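Take a look at the structure set out below.
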Amino acid sequence: MRRALLVCLVGAVVVLAGCSGQGQTAGPTTVAPGSAATGAAPTAGAGPTTPEAAPGDIPDTTVFVPYQPGSGLYAVKVPQGWARTSSGATTTFTENLNSVALDSHPAPAAPTVASARATEVPMLASAVPGFSLLDVTTVTRTADAVVEIHYQTDSAANSVTGKTTRDDVARYEFFHNGTEAIVTVAGPVGADNVDAWRTITDSLRWLR
């Protein structure tokens, strides 16, 4: 059981670290329009310009489409048009510095804050570069109450500059009929993606 969990953890870490790569897209490649492009400089007397979105901000106009993993155990909505990659049991969707990773494995019981701190947190700390735990809590989602592990990590190095940035990561652990489904969302620290992450995690529904 511990080995299976470790494989899922490592798989998620590998694909999250490579989220700048190319992959298949989720559903149709047409994406709803994002925020408007920067226009010409305002004329004298005009009001203040709209602040630029922080790197990694997901546009409010993003469309979310249903996705069902090969296991057929559950379905969840993901942003339309994001690149899709797979590594072992983990499927990851990426776009503009953000990622959504999905995986699942058999589990004898529902996760708790205590079990997450005792098992998952140490595994993440050993596998994730620059791991810094922020909190482990229970949150309510449409499917049920779920465990959330909130932490920060170093991003993959930029292929041009070699520099890394800090990513904000939330790992949500769902449980149903002996299966634990894990949804991990990640984006740059400071990006305002609370609504998008809530839409994704609220959309998970068990199919059997």
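Each reported figure results from applying straightforward, stated rules to the coordinates on display, with no laboratory input. Keep in mind it's a predicted model, so treat the numbers as computed, not measured. Positions of Cβ are generated from backbone atoms using ideal geometry, with glycine treated the same way; all protein chains shown enter the neighbour counts.
Tabulated values for the structure
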{"read-out": "Residue 152 paired with residue 205, simple spin-label distance in nm, labels 7 Å along Cα-to-beta-carbon", "value": "3.7"}
{"read-out": "Relative contact order, percent, the range 121-208 [alpha-carbon distance under 8 Å, six or more residues apart]", "value": "22"}
{"read-out": "Inter-probe distance in nm under a simple model that places probes 7 Å from Cα toward Cβ, at residue 63 and residue 113", "value": "4.0"}
{"read-out": "For the range 105-208, convex hull of alpha carbons as volume per residue, Å³", "value": "117"}
{"read-out": "Segments 119-127, 196-204 sorted - mean Cβ within 10 Å per residue, highest first", "value": "196-204, 119-127"}
{"read-out": "Contour minus Cα-Cα distance for residue 71 and residue 105 (0.36 nm per residue)", "value": "11.2 nm"}
{"read-out": "Ordering of 65-77, 94-106 by packing [mean C-beta count within 10 Å, highest first]", "value": "94-106, 65-77"}
{"read-out": "Where labels lie 7 Å past Cα in the beta-carbon direction, separation of residue 86 and residue 159 in nm", "value": "2.3"}
{"read-out": "Relative contact order (percent, whole number), the range 41-184, Cα cutoff 8 Å, 6+ residue spacing", "value": "18"}
